[in-house]
Amino acid sequence: MTEGPQATGGGPAPRYRGRFAPSPTGPLHFGSLVAALAGWLDARAAEGEWLVRIEDLDQPRTQPGAADAILRTLEALGLEWDGEVLYQSMRGEHYQAALDALRRAGYVYPCACTRTEISDSTAQLAPDGAPVYPGTCRNGLAGRAARALRVRTDTVELSFEDRIQGRVAQVLERDIGDFVLWRADGLYAYQLAVVVDDCEQGITHIVRGADLLDSTPRQIHLQHLLRCPTPRYAHVPVALDAEGRKLSKQTGAHAIDPTAAVPALTHALRFLGCSPPGDLSEAAAPAALLDWARCAWSADRIPRQRGLPMPTEKGTQIP
Ligand code: GLU
C-alpha cells in the first residue's frame, strides 16, 4: 500500500503524524472530546501533525450535519488540524483495491454464514462478546450464496505494547476468528477502512479510546498482509456514565457546548490526569489553556485503565 495518496503533501515522512477519526453518529461529546484532546496534545507536544478523518462509511448510522458539527466544535475548542479532512465515504475505490489485493493473494474468502448460524455453531466468545468465527466457510461455500468476505487469521500470537495500557496479545484464530472485511449489507468493514486509511495517510501514532484496544491486533494483522507499517498505539480510558456504560449518543451523552470551551477542556484534561492551574481554568479563551497543556503533556500520567467514570457535578454530566 505504499503507492497510496498522502493526505498532506509529499516530502519526507514525518516523525509524528497522528489523527482523530470520529464516526459522525452525533455531535462531539465528552468521550470523543477526551480522545480528540489526547491525540491533539500528544501530536503537538511532539511537534507533529494531527489530521482529522470522518469515518462516515456506515451511512445508516451517520447523522446528517454531525460531521460539520464535530468539526466546528473542534475549531471552537482550538483543536486545529492539519491538511484536508478526509471522508471515508469518498474512498470506496481505495478499500476495494486493498480487498482485491488481499483476495488475489488468497487471504480473503467468501462466507455464507448468518449471525444466527455463527452463534449457534460456537460457544467461544471474542473479547467484545461476539462469537468467535469457527471457520465454517474457509474451505468453500458448499453451494451456498456468499454474504460477506472474511480474511484468514492464524495461530501466531500477535502482540503490541500500548503506550498506556501495556502489552496486549491475541491469537486471532482462537480469540476472534477470521473476520469480516466486506459486510453482508454491502459496506466495507471498519477494520479494513481504518487500516487502509492509516496506511495511506502515513499515520505514525494512533491515540484513541480503549474500546478499540481489542480491535488493534486485527488491524496489525491486516497491516502485515497489506505490507503497511504498524503505528504506535495509545488507548486512552473511555468515559463511562453512572451505569458504567461507554458514553455515546445511544447512552444519552450530552453534546459539548462550543461556547463553553474552557470548562470542557478543563474537565477533559483532568480526566486525562492533567490538572490545570486554577487561573487557567478560569481563562476566557482556550488558547492559553491548550498552550499550558501541551507543555505539561505526558502520556505517562494517563490512568492505565480501559474505562473511567466521567466527572459529574451534583449528579449531572459536566460540562
Ligand atoms: N471511528 C471510530 C469511532 O468513532 C474510531 C476509529 C479509530 O480511531 O480507529 O469510535
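Here segment 142-183 is treated as an ellipsoid with the same Cα gyration tensor; its semi-axes, largest first and in whole Å, are 29, 12, 6.
Directionally averaged projected area (the chain, Cα convex hull): 16.8 nm². Rounding to the nearest 10 and keeping the result within 0 to 90°, find how far the Cα-based axis of helix 190-200 lies from the longest principal axis of the chain. Value to nearest ten degrees: 70. Taking a temperature of 37 °C and a viscosity of 0.692 mPa s, what whole-number D in µm²/s does Stokes-Einstein yield for segment 215-319 with Rh from Kirkwood over alpha carbon pairs? D = 205 µm²/s. Taking the C-alpha atoms only, the angle from helix 261-271 to the longest principal axis of the chain is near 60 degrees.
Over segment 71-126, what portion of Cα pair distances is larger than 14 Å, expressed as a whole percent?
Above the 14 Å cut-off, segment 71-126 has 76 percent of its Cα pairs.
Extension gain for R174 to E93 (0.36 nm times residue separation, less C-alpha to C-alpha distance): 26.0 nm. Going from the fewest other Cβ atoms within 10 Å to the most, the residues E49, E93, E173, E282 appear in the order E93, E282, E173, E49.
Of the residues A101, V52, C274, the one whose Cα sits farthest towards the positive end of the charge dipole of the chain is A101 (charges of +1 on Lys and Arg Cβ, -1 on Asp and Glu Cβ, taken about the Cα centre).
Using Stokes-Einstein with the Kirkwood hydrodynamic radius over Cα pairs, what translational diffusion coefficient do you get for segment 182-260 at 4 °C and a viscosity of 1.567 mPa s, in µm²/s rounded to a whole number?
Stokes-Einstein gives a translational diffusion coefficient of 88 µm²/s.
Rounded to the nearest Hz, the phi-derived 3J(HN,Hα) couplings of segment 115-123 under the Karplus curve 6.51 cos²θ - 1.76 cosθ + 1.60 (θ = phi - 60°) are 4, 5, 4, 5, 5, 6, 9, 8, 9, where x marks glycine and proline.
Summarising the label geometry, the points placed 7 Å from Cα in the beta-carbon direction at R103 and S275 lie 5.7 nm from one another. Note on segment 91-227: Rg/Rh from C-alpha atoms, Kirkwood Rh, equals 0.95.
None of the figures in this text is laboratory data; all of them are computed from the coordinates on show. Just so it is clear, the structure is predicted and the values come from calculations on it, not from any experiment. Positions of Cβ are backbone-derived with ideal geometry, glycine not excepted, and every protein chain shown enters the neighbour counts.
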